[in-house]
């Protein structure tokens with residue numbers, strides 16, 4: 001295996017009522033470990049007061065998202081080797097655009113509420129889940145299978161989105177991507193929700209969401225596609241309303 | 001008439017499911033968890049919704065629990081389950097010799113199974129080892145670990161339960177007569193200590209059950225037994241693939257979103273709070289996983305991690321029973337007000353909660369039957385929208 | 001969880017302008033907004049200067065003298081560049097909004113900015129040698 005590195009973990013700390021600051025932890029790591037492993041070791045052996053969220057450790061739960069050296073990452077699948085070097089610094093900050101519970105843990109309630117309100121499906125038929133970027137194994141015989149959606153609701157896209165930074169009412173990439181996957185044909189209620197100031201039109205094409213998504217969702221492309229769906233729906237309704 | 005107060009320590013599968021059960025029975029439940037939901041063992045399960053076939057030969061009590069709960073979970077919480085079934089496949093003579101006892105075991109445990117020819121199996125799953133000798137189709141499934149717990153937690157919250165995360169139990173409050181009457185707590189988010197009183201404290205900390213029990217001077221025979229999991233970045237199969245043989249290392253591969261997860265190994269440790277990933281275990285998963293699905297050799301590792309099972313030590317390692325046990329510490333150590341639930345598997349979380357809640361009600365002299373078999377769970381997302 | 005209504009406003013400049021950790025799409029976004037602000041600023045100055053022309057022939061001569069100042073010409077090159085960048089990037093945004101080239105938005109940006117750079121140099125050359 002590879003030689004160990006000595007790095008400094010710079011962890012953003014913020015307890016209730018206090019000002020945020022950074023704590024530094026010098027730690028020895030195997031560069032082929034994940035960033036989350038390093039955070040866990042800091043918690044286990046150096047400072048039990050560090051608050052962070054993690055559950056599955058294999059990119060299905062979406063709990064461990066953080067900003068690693070200023071870029072949104074899912075820390076359970078981010079190799080230390082890819083984000084720093086021997087003797088380097090690993091700066092860890094909580095996701096942006098969500099209220100901070102403590103240290104690296106944020107409250108993603110707004111995201112979950114919106115996903116629930118617009119009815120984004122958590123499980124769906126396999127062909128629908130994989131219709132874009134189908135994996136090599138996809139086959140029409142897979143029609144009957146049901147699988148968990150690609151979107152793990154990790155919030156990285158919302159943290160990276162500059163529009164979400166200026167507007168907390170913006171539905172956000174994850175939610176709009178979920179509506180796109182459901183489709184809005186013949187659904188006037190959903191049409192009105194997304195064809196709104198804080199729906200698809202709040203997106204200003206920064207494409208940061210797709211850049212940070214760890215889960216093949218490609219929210220930017222889905223938002224653009226949703227705009228096409230919105231325009232089609234409006235057109236259709238214009239001519240059918242008479 | 002005020003509600004009986006319960007504090008549940010630990011918000012993994014057992015804690016969340018027990019909160020749900022007790023809330024339905026009219027308890028005022030507070031769950032405390034030093035991290036966030038499922039940050040211990042529960043979050044890291046590979047997510048196999050067992051049909052029980054794995055235990056049908058050597059541990060039939062577990063097997064029957066599994067198949068019964070498998071069917072129940074598909075009914076009450078389908079929104080977190082990939083219900084696509086599973087295969088047990090035989091690759092060599094040793095596997096084939098297991099065939100007969102496997103069939104007998106499954107039938108004894110009312111686990112429905114159907115034997116397939118290799119051609120039939122390959123038509124269903126083209127990426128499994130083409131040299132398989134026989135296969136059995138069984139009703140396995142895959143679930144999302146965090147979301148399974150959140151579904152129970154959401155429903156519990158709807159019925160009045162409160163979940164306090166980043167809230168650590170620093171010690172138990174004793175009444176001086178050998179009874180537990182509450183928990184001393186440190187809220188990590190604000191760094192403030194406070195007290196919570198209760199009629200009953202449920203120790204649902206799984207692998208850490210011994211540590212919490214010790215706070216009252218009790219003990220439980222739980223042996224923390226970690227194992228490795230490795231996730232690869234391609235969804236090679238739509239079903240869980242199991243090796244047809246006695247349970248061993250690396251004999252389960254299952255799909256989850258766009259990955260497959262291979263597990264697991266089994267060894268003993270002392271320090272629970274951090275278990276390093278052992279590279280030779282990871283290599284073993286690659287070897288054993290590739291036996292079932294050769295394509296794994298060309299896939300990239302997406303994640304690798306250790307998960308610590310709470311085994312109840314009656315035997316060791318793989319021979320320890322996988323069933324669960326509730327301990328009333330009044331009976332074990334003459335300490336009132338505390339029960340411990342540990343052991344078990346993710347698939348049986350609802351049954352574990354039922355057993356625990358039954359014990360709690362019996363202790364407090366309450367006649368409140370379990371209703372969790374019939375209650376459909378709320379969407380996991382509602383955990384975040386329902387107020388505490 | 002506090003109920004802060006965070007709405008878009010000019011005071012939020014540093015939240016969207018933050019270029020740290022951004023990729024190509026994010027840079028394009030920031031560039032588009034900065035050039036937009038620049039063009040608006042230029043428009044204001046332009047109107048201000050033009051209004052001076054209503055003040056008689058002396059003002060007109062002063063105006064012409066000012067316009068041949070190389071610093072001003074350079075400023076005008078920047079305005080032209082901003083207009084071309086903003087316009088071409090705008091075309092990229094129109095294309096992607098209608099689903100064209102979304103998966104190649106980075107390459108589209110680089111290509112169009114190369115065109116913008118060349119155009120800016122051509123204009124700069126012509127403006128300085130006129």
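The values are calculated or read from the model by the stated rules, or taken from the named source; none is laboratory data. Please read these numbers as outputs of a predicted model, since none were measured by experiment. Because the Cβ atoms are built from the backbone with ideal geometry, glycine has one as well, and the counts that use them run over all protein chains shown.
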Next item on the list: Out of B:119, B:115, B:107, B:93, report the one residue that is away from chain A (no Cβ under 14 Å), surrounded by fewer than 18 Cβ atoms within 10 Å (Cβ to Cβ) and in contact with a strand residue (DSSP E or B) (Cβ under 7 Å, 6 or more places away or on another chain).
Entry: B:115
Next item on the list: Go through the stretch A:154-223 and tell me which helices (runs of 4 or more DSSP H), entirely inside it, have 1 or more residues that are free of Cβ contacts under 8 Å to residues at least 60 places away in the same chain and in contact with a helix residue (DSSP H, G or I) (Cβ under 7 Å, 6 or more places away or on another chain).
Entry: A:162-166, A:173-182, A:188-194, A:208-212
Note to self: Please go through (1) in the same structural domain as residue B:97 (by TED's automatic domain parsing); (2) touching a strand residue (DSSP E or B) at 6+ places or on another chain (Cβ under 9 Å) for residue B:248 and return the number of the only condition it doesn't satisfy.
What the structure shows: (2)
Check: Just for the stretch A:30-66: of the residues that are at the interface with another protein chain (Cβ under 7 Å from one of its Cβ atoms) and touching a residue at least 60 places away in the same chain (Cβ under 8 Å), which one is surrounded by the most Cβ atoms within 10 Å (Cβ to Cβ)?
Finding: A:60
Checklist line | Subset of the stretch B:261-283 [within 10 Å of chain A (Cβ to nearest Cβ) and in a strand (DSSP E or B)] | finding: B:261
Item checked: In the stretch B:17-45, the residues that are more than 13 Å from chain A (Cβ to nearest Cβ) and either outside any helix (DSSP H, G or I) or at pLDDT below 95 (or both) -> B:25, B:26, B:27, B:28, B:29, B:30, B:31, B:32
Check: Which one of these does residue B:216 not meet: (1) in contact (Cβ under 8 Å) with a residue 40 or more places away in the chain; (2) surrounded by fewer than 18 Cβ atoms within 10 Å (Cβ to Cβ); (3) not assigned by TED's automatic domain parsing to the domain that holds residue B:93?
Finding: (2)
Next item on the list: Report, by residue number, each residue of the stretch A:224-242 that is exposed (fewer than 14 other Cβ atoms within 10 Å of the Cβ) and out of contact with any helix residue (DSSP H, G or I) (no Cβ under 8 Å at 6 or more places or on another chain).
Entry: A:232, A:235, A:236, A:238, A:239, A:240, A:241, A:242
Check: Do we find that residue B:286 is part of a loop (DSSP other than H, G, I, E, B), in contact with a helix residue (DSSP H, G or I) (Cβ under 7 Å, 6 or more places away or on another chain) and closer than 29 Å to residue B:13 by Cα in this structure?
Finding: no
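Quick grid of which residues meet (1) closer than 26 Å to residue A:167 by Cβ; (2) modelled with pLDDT of 80 or more; (3) part of a helix (DSSP H, G or I):
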| position | (1), (2), (3) |
| --- | --- |
| C:22 | yes, yes, no |
| C:34 | yes, yes, yes |
| C:39 | yes, yes, yes |
| C:49 | no, yes, yes |
| C:60 | no, no, yes |
Check: Of the residues that make up the stretch C:46-56, is at least one touching a residue at least 40 places away in the same chain (Cβ under 8 Å), over 25 Å from residue A:159 (Cα atoms), more than 14 Å from every other protein chain (Cβ to nearest Cβ) and within 20 Å of the chain's Cα centre (by Cα)?
Finding: no
Note to self: I'm checking my understanding of the structure. Among residues of the stretch B:46-76 that are surrounded by 24 or more Cβ atoms within 10 Å (Cβ to Cβ) and within 14 Å of chain A (Cβ to nearest Cβ), which one is farthest from residue B:228 (Cα to Cα)?
What the structure shows: B:73
Margin query: Based on this model, can you work out whether residue C:77 counts as at pLDDT 85 or above, over 23 Å from residue A:163 (Cα atoms) and in contact with a helix residue (DSSP H, G or I) (Cβ under 8 Å, 6 or more places away or on another chain)?
Written below: yes
Check: Could you list, in sequence order, the residues of the stretch A:78-116 that are more than 12 Å from chain C (Cβ to nearest Cβ) and without any contact (Cβ under 8 Å) to a residue 24 or more places away in the chain?
Finding: A:82, A:116
Margin query: Just to be sure before I move on: is residue B:294 in contact (Cβ under 8 Å) with a residue 60 or more places away in the chain and within 14 Å of another protein chain (Cβ to nearest Cβ) in the structure I sent?
Written below: yes
Check: Out of curiosity, is residue A:75 buried (at least 21 other Cβ atoms within 10 Å of the Cβ), more than 9 Å from chain B (Cβ to nearest Cβ) and modelled with pLDDT of 95 or more?
Finding: yes
Check: Are any of the residues in the stretch B:241-249 within 14 Å of chain A (Cβ to nearest Cβ) and crowded, with 23+ Cβ neighbours inside 10 Å?
Finding: yes
